[in-house]
Amino acid sequence: GAGVSQSPSNKVTEKGKDVELRCDPISGHTALYWYRQRLGQGLEFLIYFQGNSAPDKSGLPSDRFSAERTGESVSTLTIQRTQQEDSAVYLCASSSVRGGERGYNEQFFGPGTRLTVL
Amino acid sequence: DQQVKQNSPSLSVQEGRISILNCDYTNSMFDYFLWYKKYPAEGPTFLISISSIKDKNEDGRFTVFLNKSAKHLSLHIVPSQPGDSAVYFCAARRAGANSKLTFGKGITLSVRP
């Protein structure tokens, strides 16, 4: 089966413009995460969706960042009025969360979108 | 505030020898630890994990050791192979935190033929 896909793979934009990044999770995965990795840094959690529950937005760095998810499928991450410090690789991951199961449900990552803000 | 620390940015080892990748953490609420491997232009892929109730987990050439008192874990790869050359991220999950992971900055491992 297909893995997590993300588009575009690369995006170059001018400061102040809005961008939209897309993530297609693995079919049947109820959980979806967005992370970003800035140069020389580790992956930084942004937002988490789980089924119909309210998303965990605790990692979003500012109100310029927002994300939506349609049901248990596609998610879009939108960055408004982009700034140079937004330049990073934005990674999406999905996992299957089964009720009553102990332990960790592996997150499968997409290849990422490299965003460059000039 | 870096809660997961990988203090060595890079490591180079000879093929066939052991690679030891270290990771330290500060949050005592972490209950699960993972290692991810990342090749250029690809997303991270899960490698091995360990629960905080264990001190060792082994999977083929990969073994993860956890020392809770020292808040330290390490990934051992033996024997190392050139295909192991990649960036390795240590990650941790806090109990009840909706599975979101806290990652270290990564270690670039180079295995010389």
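Would you please list the contacts, defined by Cβ atoms under 7 Å and residues six or more apart or on different chains, that run from a residue in the range B:12-23 that is open to solvent by 60 Å² or more (accessible area, probe 1.4 Å) to a residue that is basic (Lys, Arg)?
Taking only residues 6 or more apart or on different chains, the pairs are B:Ser12/B:Arg112; B:Gln14/B:Arg112; B:Glu15/B:Arg112.
Output the number of residues of the range B:25-55 satisfying the condition of being at the interface with chain A (Cβ under 9 Å from one of its Cβ atoms), open to solvent by 60 Å² or more (accessible area, probe 1.4 Å) and among the hydroxyl-bearing types (Ser, Thr, Tyr).
Of the residues in the range B:25-55, 1 are at the interface with chain A (Cβ under 9 Å from one of its Cβ atoms), open to solvent by 60 Å² or more (accessible area, probe 1.4 Å) and among the hydroxyl-bearing types (Ser, Thr, Tyr).
Here is a check on your reading of the model: is B:Glu58 in contact with a helix residue (DSSP H, G or I) (Cβ under 8 Å, 6 or more places away or on another chain), more than 14 Å from chain A (Cβ to nearest Cβ) and open to solvent by 60 Å² or more (accessible area, probe 1.4 Å)?
Working: in contact with a helix residue (DSSP H, G or I) (Cβ under 8 Å, 6 or more places away or on another chain): no; more than 14 Å from chain A (Cβ to nearest Cβ): yes; open to solvent by 60 Å² or more (accessible area, probe 1.4 Å): yes.
Criteria not met by B:Glu58.
Residues of the range A:56-82 being open to solvent by 30 Å² or more (accessible area, probe 1.4 Å), closer than 26 Å to B:Cys90 by Cβ and more than 10 Å from chain B (Cβ to nearest Cβ), which ones?
Hits for the range A:56-82 are A:Lys57, A:Leu60, A:Pro61.
If you go through the range B:76-87 one residue at a time, do you hit one that is open to solvent by less than 60 Å² (accessible area, probe 1.4 Å), within 11 Å of another protein chain (Cβ to nearest Cβ) and in a loop (DSSP other than H, G, I, E, B)? Write out each step before concluding.
Filtering the range B:76-87 down to residues open to solvent by less than 60 Å² (accessible area, probe 1.4 Å) leaves B:76-77, B:79-80, B:82-87.
From the residues that got through so far, the ones that are within 11 Å of another protein chain (Cβ to nearest Cβ) too are B:87.
Filter once more, so that each one left must be in a loop (DSSP other than H, G, I, E, B): none.
No.
For the range A:30-45, how many residues meet the condition of being open to solvent by less than 20 Å² (accessible area, probe 1.4 Å) and touching a residue at least 40 places away in the same chain (Cβ under 8 Å)? Please lay out each step first, then the result.
Applying the first criterion (open to solvent by less than 20 Å² (accessible area, probe 1.4 Å)) to the range A:30-45 yields A:31-36, A:42-43.
Next cut, touching a residue at least 40 places away in the same chain (Cβ under 8 Å) only: A:31-36, A:43.
Looking only at that region, the number is 7.
The values are calculated or read from the model by the stated rules, or taken from the named source; none is laboratory data. Not measured: the values here are computed from a predicted model. As a convention, Cβ positions derive from the backbone with ideal geometry for all residues, glycine included, and neighbour counts pool all protein chains shown. Ligands, DNA and RNA are excluded from the accessible area calculation, which covers all protein heavy atoms including side chains. Shrake-Rupley method; radii C 1.70, N 1.55, O 1.52, S 1.80 Å.
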